[in-house]
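The values are calculated or read from the model by the stated rules, or taken from the named source; none is laboratory data. Computed from a predicted model, the values in this text were never measured in an experiment. Please note: Cβ atoms are built from the backbone with ideal geometry, for glycine as well, and neighbour counts cover all protein chains shown.
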């Protein structure tokens, strides 16, 4: 079973990890067995080889000082024979399960006491092994927890899905290096969307939050999952290019960016095809489309004729859309948006309808909140 093999090799690696030396380490893997990294044979074979190589290298190292063990939550939530839980892995069974697991982990962390020998509280390594939806569910619950509890975690998003735009690395080997080698914890920001008066939201993303054409593609892809063969996202990109503005009117939208001190900058009004707001620059979505190709964290694309839309698609793969006059790229911690039409928003692959009564809306960076592993 691929998930069991995954858990066994990851357990070997983390038991000899250089993370937080001298401090007790607990680990939990939240894995979606239906994710492409497990179910697509060619991908799994590559991941299997990578995992095995890292595990074999780890066996040449001594067990970590301070000890390491699977979390109590992983062992208690194992619904099978206990084999996966003993290796620190919990397999998700459906939507919202990843969030439920993190809630149980937060309860475990809140009840912990300092180690009798070192006086240190355990550090919890939380690894997500699935697609962007798995990490979104898990991180949303962690984001909403008290800062004191969040600070007891280190998060690692493994690229075990199909698109992996929200993973820490595209290659599994690079992600596993963060466990094998000395690393640090850096608190990352989320992106939030808040409505003004309707009370809808807030909505949260940890990679890119966007409105418009790409959110429509996400929405239709999610609706048709399991009903259409092959990569339905790519199909809906083509369909949306032709029909989006027949379904959703593209009317003038007013965008107000802000500076780092919270002061409003010069607003602009335009008929926007989409606006994508990232937790930082250099980010992709839609299976590696480089919508934010440089340090800027916002991309706004103006409405354009059909032939231009068709030509835009290949440019997104290389980031060369940034050279077009119809594209604005800029850096801001917040934008306020006013609009008088319904429009879809997407948060790391989950969609929601924003209606005229929800405007104006604010899309903004949060304070640093997610404790992610980073290379030293």
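Worth a mention:
- Within the range 157-183, residues that are without any contact (Cβ under 8 Å) to a residue 12 or more places away in the chain reach no partner that is buried (at least 24 other Cβ atoms within 10 Å of the Cβ) with beta carbons closer than 6 Å at six or more positions or on different chains.
- Residue in the range 61-83 that is farthest from the chain's Cα centre (by Cα), counting only those that are without any contact (Cβ under 8 Å) to a residue 40 or more places away in the chain and assigned to a loop (DSSP other than H, G, I, E, B): 81
- Restricting 194, 198 to residues that are touching a strand residue (DSSP E or B) at 6+ places or on another chain (Cβ under 7 Å) and either over 15 Å from residue 348 (Cβ atoms) or not assigned by TED's automatic domain parsing to the domain that holds residue 337 (or both) narrows the list to 194.
- Of the criteria (1) closer than 24 Å to residue 121 by Cβ; (2) without any contact (Cβ under 8 Å) to a residue 60 or more places away in the chain; (3) buried (at least 17 other Cβ atoms within 10 Å of the Cβ), which one residue 87 fails: (2)
- From the list 139, 126, 178, 105, the one residue that fits, being assigned to a strand (DSSP E or B) and buried (at least 20 other Cβ atoms within 10 Å of the Cβ), is 126.
- Among the residues examined, residue 158 qualifies as closer than 20 Å to residue 5 by Cβ, touching a helix residue (DSSP H, G or I) at 6+ places or on another chain (Cβ under 6 Å) and either at pLDDT below 95 or buried (at least 24 other Cβ atoms within 10 Å of the Cβ) (or both).
- Here residue 74 does not fit the description of being closer than 25 Å to residue 222 by Cα, at pLDDT 95 or above, in contact with a strand residue (DSSP E or B) (Cβ under 9 Å, 6 or more places away or on another chain) and buried (at least 18 other Cβ atoms within 10 Å of the Cβ).
- The residue list 365, 306, 315 contains one member that is buried (at least 17 other Cβ atoms within 10 Å of the Cβ) and farther than 21 Å from residue 187 by Cβ, which is 315.
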